[in-house]
């Protein structure tokens, strides 16, 4: 009989390996799925030359990025220039540690929760790391010593700070209804009815806020190519450029997972296994991200800030008050 600590270490290693492989592979093929879906929406073909149905395109893109020249601005801050893409990618990767992606399994004679680290403050952990992700963008723009990169990073800072407020406020009703900061407990509280049906305003505000947090159309102000070349990553090339986009697409998966966990019932669903329900919902939200990109034009910067501060924040604040009042009445 193996000691408990060895079994625990093996289970954690299995979950870490699964999550790491899933996120990196998922991010690569999410890029391919987006290119193909946008191609169909624009009446053209997406990538279809490398491998059957173009399925080897992510591998070809990775090889191309690895072989490109790694350009470093002569007057830039080299240390910060090196670490900025790593901050963007690593913060996105470690956020998934607290997201439960299925009901517990029996393995080695014991119950294994399908989450790397089941923190009782998992929601606060997610909010903390989403704030840290801003540093990768800010440092990348500052260290490049380029006015276009600096403008992009300043735009990103203002945008992310603004929409983090509405995102955080939209989560408060979820905590009030679930009475826990644990993501597993929040999923268990939605066994019968998902919170998206119980509190549609919180769901809509959170969905719009995470779309802005991912810096995707119509909120892609930090990367507006017709105004500031490419924004905060203008001076990056090769695999450092690739790491920014790995972080971005991992972030799309993580934010889709958070929408699923907080509002769509997580792994709960009839007939099919829980893990199938979870990843099916995540793919549905990721498709919504792509669909939005292919449909809506970019906001102007003043429209972006106006919408965040004068529309989403008041709605989220009002929803917190109304939800709290209703819960107090029901409790009484």
> Residues of the stretch 262-291 being under 22 Å from residue 168 (Cβ atoms) and surrounded by fewer than 16 Cβ atoms within 10 Å (Cβ to Cβ), which ones?
Replying inline: 288
> Which condition number does residue 115 fail, the rest of (1) in contact (Cβ under 8 Å) with a residue 40 or more places away in the chain; (2) assigned to a loop (DSSP other than H, G, I, E, B); (3) over 23 Å from residue 248 (Cα atoms) being met?
Replying inline: (3)
>> Quick test of your reading of the structure: residue 149 fulfils all but one of (1) within 20 Å of the chain's Cα centre (by Cα); (2) in a helix (DSSP H, G or I); (3) buried (at least 20 other Cβ atoms within 10 Å of the Cβ). Name the failing condition by number.
In response: (1)
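Yes/no per residue for (1) under 16 Å from residue 296 (Cα atoms); (2) part of a helix (DSSP H, G or I); (3) within 15 Å of the chain's Cα centre (by Cα):
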position: 190; (1), (2), (3): no, no, no
position: 201; (1), (2), (3): no, yes, no
position: 219; (1), (2), (3): yes, no, yes
position: 222; (1), (2), (3): no, yes, no
position: 232; (1), (2), (3): no, yes, no
position: 236; (1), (2), (3): no, no, no
>> Looking at 136, 168, 128 in this structure, which one is buried (at least 22 other Cβ atoms within 10 Å of the Cβ) and either touching a helix residue (DSSP H, G or I) at 6+ places or on another chain (Cβ under 8 Å) or part of a helix (DSSP H, G or I) (or both)?
In response: 136
>> For the stretch 293-308, which positions are surrounded by 14 or more Cβ atoms within 10 Å (Cβ to Cβ) and either more than 24 Å from residue 173 (Cβ to Cβ) or in contact with a helix residue (DSSP H, G or I) (Cβ under 6 Å, 6 or more places away or on another chain) (or both)?
In response: 293, 294, 298, 299, 301, 304, 305, 308
>> So for the stretch 64-78 (the condition being more than 30 Å from residue 145 (Cα to Cα) and in a helix (DSSP H, G or I)), does at least one residue qualify?
In response: no
> Which ones in the stretch 29-52 are assigned to a helix (DSSP H, G or I) and either in contact (Cβ under 8 Å) with a residue 40 or more places away in the chain or loosely packed, with under 13 Cβ neighbours inside 10 Å (or both)?
Replying inline: 30, 31, 33, 34, 37, 38, 40, 41, 52
> Taking residue 106, is it within 22 Å of residue 21 (Cα to Cα) and more than 24 Å from the chain's Cα centre (by Cα)?
Replying inline: yes
> Quick one: residue 84 ticks every box in (1) part of a helix (DSSP H, G or I); (2) touching a helix residue (DSSP H, G or I) at 6+ places or on another chain (Cβ under 8 Å); (3) free of Cβ contacts under 8 Å to residues at least 12 places away in the same chain bar one, so which box is it?
Replying inline: (3)
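Where a number appears in this text, it was derived from the coordinates with a stated rule and is not lab data. Keep in mind it's a predicted model, so treat the numbers as computed, not measured. Neighbour counts are summed over all protein chains in view; Cβ atoms, including those assigned to glycine, are modelled from backbone coordinates with ideal geometry.
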